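Below is one structure, written out as structure tokens; the observations come after it.
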Amino acid sequence: MPNNTEKNIKFSEKYLKTTWLTDVRNYYIEKWTIVVNLGNQKAHISAPPEKYLLPRTSTILKDVTIKDGDSLLLIEIFNETNIGGIVLESGWDILGNLMEFPKEVPLWKSTQYDLGIAKFDPYFVTGQSDKPKDSNLKKYQVKVNLWFAPAKTNCAIHNKHMEPDFLEVHTQIYGTGRMQKFHANNFDTIYEDVIMSPGDTHIPFASVGENGNFVYPWHQYYSDTDCIWMANEFHPLP
Ligand SMILES: [Fe+2]
């Protein structure tokens with residue numbers, strides 16, 4: 001199998017360089033780059049003492065070599081000037097134009113890309129069991145897209161995305177925001193605030209319900225500053 005297969009992902013031509021890197025072998029990261037592990041294996045980072053990036057987690061790296069890994073997404077911000085203009089680039093639209101969603105919420109979505117298939121035990125990944133079990137392994141289609149919202153945007157409380165639901169985690173790309181949980185579909189009922197800085201991915205908010213599908217608390221993304229973040233979605237395959 002060839003090593004370090006690179007595919008350019010066109011979230012942006014002007015501000016971000018995004019590369020889907022598969023079959024990773026001693027890949028050098030020169031400039032500050034957000035690295036998201038979308039695969040099934042740990043990605044070891046070649047600096048003593050050697051540590052690693054687990055699947056469905058991320059970090060921000062520079063001047064270091066990634067030793068291995070099966071599927072990583074690399075995002076480098078190469079131009080910050082007018083970065084809010086990312087929403088004017090091809091493939092982006094305000095969510096209210098794409099689906100039934102309040103038109104007054106300034107939330108923009110990029111094109112969504114399919115980035116391979118992941119395999120995991122959903123009970124382990126959501127923290128409901130302490131060890132993965134082979135008999136629980138399932139396959140998931142990995143899909144990613146970026147979001148943009150200006151500072152102080154409530155991006156809408158929800159507890160469902162589709163039927164059956166996917167597993168989502170978010171990676172902060174630019175600015176600082178929060179993933180928030182609520183007791184009800186009401187901003188006054190907030191009970192958890194997870195701060196997101198560039199390179200952070202939160203742990204899954206989902207659990208696995210009795211029917212085996214992912215279930216969510218009421219949740220939303222909130223932007224403290226102008227924010228770009230990425231949705232990493234794992235859609236169950238039959
Ligand atoms: Fe969500």
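Does residue 128 satisfy the criteria of being surrounded by 15 or more Cβ atoms within 10 Å (Cβ to Cβ) and over 23 Å from residue 80 (Cα atoms)? Taking the combined requirement at face value, the residue does not satisfy it. Taking the criterion of being within 30 Å of residue 87 (Cβ to Cβ) and more than 19 Å from the chain's Cα centre (by Cα), the only residue of the range 106-125 that qualifies is 106. Just a yes or no: is a residue in the range 189-202 within 24 Å of residue 237 (Cα to Cα), assigned by TED's automatic domain parsing to the domain that holds residue 95 and hydrophobic (A, V, I, L, M, F, W, C)? No, every residue in the range 189-202 fails to be within 24 Å of residue 237 (Cα to Cα), assigned by TED's automatic domain parsing to the domain that holds residue 95 and hydrophobic (A, V, I, L, M, F, W, C).
One residue stands out among those in the range 200-238 that are of a type outside the set (A, V, I, L, M, F, W, C) and closer than 18 Å to residue 185 by Cβ: the one that is surrounded by the most Cβ atoms within 10 Å (Cβ to Cβ), which is 221. Please verify whether residue 87 is touching a residue at least 24 places away in the same chain (Cβ under 8 Å), part of a loop (DSSP other than H, G, I, E, B), of a type in the set (A, V, I, L, M) and under 27 Å from residue 193 (Cβ atoms), treating the condition exactly as stated. The answer is no for residue 87. Limited to the range 193-228, what total is found for residues that are part of a loop (DSSP other than H, G, I, E, B) and within 15 Å of the ligand (Cβ to nearest atom)? Looking only at that region, the number is 8.
Residues checked against (1) within 12 Å of the ligand (Cβ to nearest atom); (2) of a type in the set (Phe, Trp, Tyr); (3) under 17 Å from residue 77 (Cα atoms):
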site	(1), (2), (3)
137	no, no, no
142	no, no, no
147	yes, yes, yes
151	no, no, no
161	yes, no, no
166	yes, yes, no
170	yes, no, no
183	no, no, no
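Taking (1) away from the ligand (no atom under 14 Å from the Cβ); (2) under 22 Å from residue 13 (Cα atoms); (3) assigned to a strand (DSSP E or B) in turn, residue 111 satisfies each apart from (3). The set of residues from the range 25-40 being surrounded by fewer than 22 Cβ atoms within 10 Å (Cβ to Cβ) and either among the hydrophobic types (A, V, I, L, M, F, W, C) or not assigned by TED's automatic domain parsing to the domain that holds residue 63 (or both) comprises 29, 32.
The residue of the range 41-58 that is nearest to residue 202 (Cα to Cα), among those that are of a type outside the set (Gly, Ala, Ser), surrounded by fewer than 18 Cβ atoms within 10 Å (Cβ to Cβ) and out of contact with any Asp or Glu (no Cβ under 6 Å at 6 or more places or on another chain), is 54.
The values are calculated or read from the model by the stated rules, or taken from the named source; none is laboratory data. In this text the structure is predicted, and so the values were computed from the model without any measurement. Heads up, the Cβs are rebuilt from the backbone with ideal geometry, glycines too, and the neighbour counts pull from every protein chain shown.
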